[in-house]
Amino acid sequence: MSDYRSASTQDARVTPSAPGSRMARRAAGSPPPPPDDRPPRGHRGGGDNGQGKMRVLAWVSIAATTVMVAGTLTGYTVYRDAFGNITQKSVKEDIINPRPRDTGALNVLLVGSDTRAGKGNARYGQQIARTADAGGKRTDTIILMHISPNRDKARLISFPRDSMVQIPRCKNETTKAEMAPRRDMINSAYNSGGIACTISTIETLTQIRINHFVEVDFSGFKNIVDALGGIEICLKSGVNDKASHLVLPPGKSLLNGEKALGYVRLRHYGDGSDIQRIKRQQIFLSKVIAKATSSELLTDLGKLTGFIKAAAGSVTMDPELANDTQQLIDIATSAKELTAGGVQLTTIPWLPDPQDPNRVVWKQPDASALWASVISDTEVATPAPSASASTKPKVTPKPEQVKVQVLNGTTTPGKAREVADELAKQGFNVVGVGNYQAAGGASLPTSEIRYAKGATTGADYAAVLSGAVVPKPAPEAGKVTTTNLQPYTSTVTAGAGVKGAPLIQLVVGSDFKSVKVTKLPDSVNNSTITASDQKNVCT
């Protein structure tokens, strides 16, 4: 959440937030990042000596988990043996940092590993097999798949692998010795601490609870694409790239696994930037999901069985996910519904690292706003009738038309101002802040939303505010008495309101968690690919 504050002195309990501490420099003796000379995202890419990276690897794991579940939808026993091929890995005991609360959403960490271990993987790392880490593993794909609590929308958030972040204390994956916190590239968490350290790093940075993880490697990617019968792409201009051994004509091409592997590793194409490559890969992902959940595949028993076997043998996941049919069904049904247009593919807003222009840092407060939107997506939306005289709302106001007075019903100084600032950022017309004195001077246990008894449209305006607050208070008729009420001013452009709109009171109780973040910064929106962007790869 942003920590800006209004210049005026409001709410007697208001105290300015302490500024965020600067990231600590890398601890002495911590393992160095793996050798890498690639430019950061958005920079023109030079030659990479065959070291094309597999950012898209984890994306196909969505298809894997999706289509494995198709068996449960069409007759589980037919595919039971295939499900037994899923590699399971438990890492809960290796996560040693405090974990964020569970919100009811489904957050799955998707990781693409370029490990040289395992059958079929070493041949894809021939050019870098000469380096010291050729026998180990690295991750160049880290994606968070967030599915809403009512499973009707999803966002896939890509983490730039060269992001410089604060990595918390973690266990070394091999020795189990505790490693000190350090500032390092985000993918170094995986290199030394495995998936457990990667989960802990992302949870610490975002305060988003990671429910499950899925890993997929080089050969797994190839097998999944082949089992789907290939993926069709469309190119404005042809490709003749020696580094990836890929030759493609302009227009449409059906890529088998080998060619798809070259395509997603392709660097010398278009303007050569990582940003353009990421967009191509995200569109590729959308086509994988669409084909994996198509009726053509699901109704062909032979193709479906072959794909499920390939998918099951290509992924590693936590036992809680691998053995939870309902969770897999949630992912599967969500993916099928979302291919029509509900999925969003986003890259974290970033800037060049001031300490190293070849690395990136997350742009703030934009990245924090993105995390807040995920964290505040906590409740299953259920239509509620208006409390007005008619069950049909008299009005359907927008947030900027809702005139809000925020009152601090807790003993925490500054709470009203903090909440008012967040409501203003989401477009609400906040007009005042103050305090509410609960009985006995204690904090009000639960938040309340109030409107005047005589306001005929009060319930309709209050309902808009109620839907923006977590947890969701039920609007009540009858305003409360305020103390220390002051006008609210903000650096954010406030909503204009409408003539005659009723005043809505939000009384913040001790149960208050957050304001839902639905208005995201331009940098987030500009880095997001939606359904309309996915329709034609040639554009």
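Regarding Val464, is this residue closer than 22 Å to Ala369 by Cα and in contact with a Leu (Cβ under 8 Å, 6 or more places away or on another chain)?
So Val464 fails the test.
With respect to the numbered conditions (1) at pLDDT 75 or above; (2) farther than 24 Å from Ile142 by Cα, which one is the sole condition not fulfilled by Tyr263?
Tallying (1) at pLDDT 75 or above; (2) farther than 24 Å from Ile142 by Cα, Tyr263 fails exactly one: (2).
Among the residues of segment 307-321, how many are open to solvent by less than 20 Å² (accessible area, probe 1.4 Å) and part of a helix (DSSP H, G or I)?
Adding up the residues that qualify gives 5.
Within segment 150-176, how many residues turn out to be over 26 Å from Ile289 (Cβ atoms), assigned to a strand (DSSP E or B) and open to solvent by less than 40 Å² (accessible area, probe 1.4 Å)?
4
In the set Ser244, Ser237, which member is among the polar types (S, T, N, Q), open to solvent by 50 Å² or more (accessible area, probe 1.4 Å), more than 26 Å from Lys89 (Cβ to Cβ) and not in a helix (DSSP H, G or I)?
Being among the polar types (S, T, N, Q), open to solvent by 50 Å² or more (accessible area, probe 1.4 Å), more than 26 Å from Lys89 (Cβ to Cβ) and not in a helix (DSSP H, G or I) holds for just one of Ser244, Ser237, which is Ser237.
Give segment 422-447 a look and list any residue that's open to solvent by 30 Å² or more (accessible area, probe 1.4 Å) and closer than 21 Å to Thr481 by Cβ, or say none.
Within segment 422-447, Val431, Tyr436, Gln437, Ala439, Gly440, Gly441, Ala442, Ser443, Pro445, Thr446 meet the criteria.
Quick check on my filter: what residues within segment 190-246 are among the polar types (S, T, N, Q) and at positive phi?
Gln207
What are the pairs, 6+ residues apart or on separate chains, where a residue within segment 86-108 that is farther than 20 Å from Gly194 by Cα and among the hydroxyl-bearing types (Ser, Thr, Tyr) has its Cβ under 7 Å from a residue that is open to solvent by less than 80 Å² (accessible area, probe 1.4 Å) and part of a helix (DSSP H, G or I)?
Taking only residues 6 or more apart or on different chains, the pairs are Thr103/Ile375.
Does Thr204 meet the test of being at pLDDT 90 or above, surrounded by fewer than 24 Cβ atoms within 10 Å (Cβ to Cβ) and under 26 Å from the mean Cα position of the chain (by Cα)?
Criteria met by Thr204.
Output the qualifying pairs, or none if there are none: Cβ atoms under 6 angstrom, residues six or more apart or on different chains, first residue in segment 196-225 and within 13 Å of Val111 (Cβ to Cβ), second residue in a strand (DSSP E or B) and open to solvent by 10 Å² or more (accessible area, probe 1.4 Å).
As it stands, the answer is Glu215/Thr316, since those pairs meet every condition given.
So for segment 518-533 (the condition being open to solvent by less than 40 Å² (accessible area, probe 1.4 Å), assigned to a loop (DSSP other than H, G, I, E, B) and modelled with pLDDT of 95 or more), does at least one residue qualify?
Within segment 518-533, not a single residue is open to solvent by less than 40 Å² (accessible area, probe 1.4 Å), assigned to a loop (DSSP other than H, G, I, E, B) and modelled with pLDDT of 95 or more.
Could you list, in sequence order, the residues of segment 177-191 that are within 24 Å of the chain's Cα centre (by Cα) and part of a loop (DSSP other than H, G, I, E, B)?
Once the filter is applied, which keeps residues that are within 24 Å of the chain's Cα centre (by Cα) and part of a loop (DSSP other than H, G, I, E, B), segment 177-191 yields Pro181, Ile186, Asn187.
Can you find, within segment 268-277, the residue that is modelled with the lowest pLDDT among those that are surrounded by fewer than 19 Cβ atoms within 10 Å (Cβ to Cβ) and either more than 25 Å from the chain's Cα centre (by Cα) or of a type in the set (Ser, Thr, Tyr) (or both)?
Filtering segment 268-277 for residues that are surrounded by fewer than 19 Cβ atoms within 10 Å (Cβ to Cβ) and either more than 25 Å from the chain's Cα centre (by Cα) or of a type in the set (Ser, Thr, Tyr) (or both), the one modelled with the lowest pLDDT comes out as Ser273.
Scanning for something closer than 28 Å to Lys303 by Cβ, modelled with pLDDT under 90 and within 18 Å of the chain's Cα centre (by Cα), does segment 215-238 turn up at least one residue?
Yes, that holds for at least one residue.
Where the second residue is among the small types (Gly, Ala, Ser) and part of a loop (DSSP other than H, G, I, E, B) and the first is open to solvent by 10 Å² or more (accessible area, probe 1.4 Å) and lies in segment 254-267, which pairs have Cβ atoms under 6 Å and are six or more apart or on separate chains?
Leu254/Gly230; Asn256/Gly230; Arg265/Gly52; Arg265/Ser244; Arg267/Gly45; Arg267/Gly52
The values are calculated or read from the model by the stated rules, or taken from the named source; none is laboratory data. From a predicted model like this one, the values you see are computed outputs, not experimental measurements. Here Cβ is always computed from backbone atoms with ideal geometry, including for glycine, and neighbour counts include all displayed protein chains. Calculation scope for accessible area: heavy atoms of the full protein, side chains included, ligands and nucleic acids excluded. Shrake-Rupley method; radii C 1.70, N 1.55, O 1.52, S 1.80 Å.
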